[in-house]
1. Name the residue, out of Val501, Val533, that is in the same structural domain as Arg452 (by the TED database) and either farther than 20 Å from Gln484 by Cβ or in contact with a Pro (Cβ under 9 Å, 6 or more places away or on another chain) (or both).
2. Which of the following residues is at pLDDT 90 or above, open to solvent by less than 10 Å² (accessible area, probe 1.4 Å) and in the same structural domain as Thr319 (by the TED database): Asn218, Asn222?
3. Could you list, in sequence order, the residues of segment 506-526 that are of a type in the set (Ser, Thr, Tyr) and either modelled with pLDDT under 95 or in contact with a Phe, Trp or Tyr (Cβ under 7 Å, 6 or more places away or on another chain) (or both)?
4. Take the residues of segment 270-285 that are touching a strand residue (DSSP E or B) at 6+ places or on another chain (Cβ under 8 Å) and outside any strand (DSSP E or B): which is modelled with the lowest pLDDT?
5. Looking at the structure I just gave you, is Lys443 open to solvent by 70 Å² or more (accessible area, probe 1.4 Å) and either hydroxyl-bearing (Ser, Thr, Tyr) or modelled with pLDDT of 95 or more (or both)?
6. Among the residues of segment 446-462 satisfying the criterion of being in contact with a strand residue (DSSP E or B) (Cβ under 8 Å, 6 or more places away or on another chain) and of a type outside the set (A, V, I, L, M), which is surrounded by the fewest Cβ atoms within 10 Å (Cβ to Cβ)?
7. Quick one: which of Ile520, Ile479 is farther than 29 Å from Phe367 by Cβ, open to solvent by less than 60 Å² (accessible area, probe 1.4 Å), among the hydrophobic types (A, V, I, L, M, F, W, C) and out of contact with any Pro (no Cβ under 6 Å at 6 or more places or on another chain)?
8. Identify all residues within segment 186-198 that are out of contact with any Lys or Arg (no Cβ under 8 Å at 6 or more places or on another chain) and open to solvent by 10 Å² or more (accessible area, probe 1.4 Å); write none if there are none.
Amino acid sequence: LKMSWFWLYLPLHLLMATCLCHSTKAPTTSSQHSFKTDLFNFYHSLILADGKETTIHLLKDIPKRYYFVLEEGRVLAPFSITVTPCDVPIEWSILVYKPPPAKATPGDHDTQELSKSQKVSSMVSTIFNYKGNSVETYMGMSSHSALYLLEFSSTERDTHITVYLTTDTTSGHLYPELPSDPRIDVIGIGHTTVTLTWKHSPSVLQHRDSIQYCLLVNEKHNYKSLCAAETAIRSSGMKLPPTLALSLSPYLLEPQQVMILSNSELSIINKVSSGEVRQVCMGTKNTYTVPNLSPSTQYYFDVFIVNLLTNASAAYTGTFARTLEEPEPKVTELKDGKVVRVVLDGKRQKFYTLQYQARHKKIHFTFQLCWGQIRVHITRNGKTVASENLSGLRYFSLKGKLLDTYLVQLRSTEESNSSVKVQASPHFHKPLFPLLPESLKIKSFSKLRTCRSVTIAWLGTQEESKYCVYRKRIEEDQIWRELQSADRCSGPESRHKSEKVLCKYFYDLNLQRAVTTETIKGLEAGTLYLFDVYLFGPSGIPVRYHSKVVKTRKKC
């Protein structure tokens, strides 16, 4: 029978059976209203699609009913129903009505009605009932036509579920198949890593091109389905790419998300209030090392086997592990005059410690900020002698006793990485950096700009030094990146030879006149240029002036 015409052929006693399925008592006058209400509810039940996953939204304490009819004319009619709760526990039941073997005999009207009700009610039975938030599958077999009613309800809050009904159990499954042992094994634990392995799904061996594993890592608890995991992430106040980025399509991410694609692995990191929720899809590999975890932290790991063609998934049994405690921070020894470059992890906000033992009473510390923002804290024999945020080039001249122990602690003050160069030396030691002018800014003269040239100026010192000028053509959308990401510790060796304009020596004992200008010619009209000046001192280590962006005139 075609489902769209089902109600035209459905016998009235079949409707009555469904309505009376929750009571074995004969209807009384007072129950007639309840009977009519149930009949109304049944008429407003929905047909459950065969062979298709259906998403059902449930309101709190309001049951929702679906029905289906097994195909007539088959000796045995197998079917299966899989229900996946996507949030809180739900309760669901399967009820079946089988037509009575014979009609009721004529007689007294009330007796006849009572007999009909009892007989019809006796033909209705609950064949399955479940309450919880696990994925459950019911598999059944019927030898004749029957009407099945599914009822779903949520008592905690509004939620949604997915339901999959199929009467074709021979042509494969919508959901990928789990192995006989679906557990995830933890085979390695480090300070910031956990290594996992799991047994291959039989579906991977059969459909390698359309099946892949996806791993979910979080600090809260395990999830029994991918649907439940996505719901939990959304409820934290963020949006999620469709079904865990099950293909490697470049979905648009929210500001709280970071996508990383490397070695054919797609990672999505969500910043939520309860910590990070990390998602990784790694193809058909069944061993994976989760990197960049926090020390001494408990993580929960869930693996889902996903069908890329249907977006259907099955969940392995989740596991958890606690990373090892963070080891004592390493202390790097500073030696007289030696330059140490440090890169700081802004995400972890940990101190990097340097130690220096004084062999002289006067000590000179030099810091050159390469990029980012850094705070420095210096102690002598456990007492603080300096603490401040670094900017550009900074010197600290300290006076103490022989064999004093200095500890220099460095920390990035922003989420991105930062870098700095550090030198400790006796006060009379050859200086690492050249004598610096009052300002490291480059000035341009608007009135001297032409279509083909730009004039710039910068301050010098009383010490004869070498200055080299470089230029680079850039676009409008590159300005911010060039100015913010510039490595102020890098020298001209990092520049292309074609960018070099000139090198010159100059100085002036009168600081008021220690300024030089240079006109750079051979430029293109209406074009943006980035200009840099490098100052070289006796040690040969350069100091980079602040970059300057100038645009030539479009018309002259």
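The values are calculated or read from the model by the stated rules, or taken from the named source; none is laboratory data. What you see is a predicted model; the values in this text were computed from it and never measured. Note: ideal-geometry Cβ built from the backbone for every residue, glycine included; neighbour counts use all protein chains shown. Keep in mind that these areas ignore ligands, DNA and RNA; they rest on the heavy atoms of the full protein, side chains included. Shrake-Rupley method; radii C 1.70, N 1.55, O 1.52, S 1.80 Å.
1. Just one listed residue meets the conditions, Val501.
2. Within the list Asn218, Asn222, the selection yields Asn218.
3. Within segment 506-526, Tyr507, Thr516 qualify.
4. By that ranking, first place goes to Ser274.
5. Details: open to solvent by 70 Å² or more (accessible area, probe 1.4 Å): yes; either hydroxyl-bearing (Ser, Thr, Tyr) or modelled with pLDDT of 95 or more (or both): yes.
So Lys443 passes the test.
6. Filtering first and then ranking leaves Ser453.
7. On the way: Ile479 fails: farther than 29 Å from Phe367 by Cβ.
After ruling out the rest, the residue left standing is Ile520.
8. Those that are out of contact with any Lys or Arg (no Cβ under 8 Å at 6 or more places or on another chain) and open to solvent by 10 Å² or more (accessible area, probe 1.4 Å): Val186, Ile187, Gly188, Gly190, His191, Thr192, Thr193, Thr195, Thr197.
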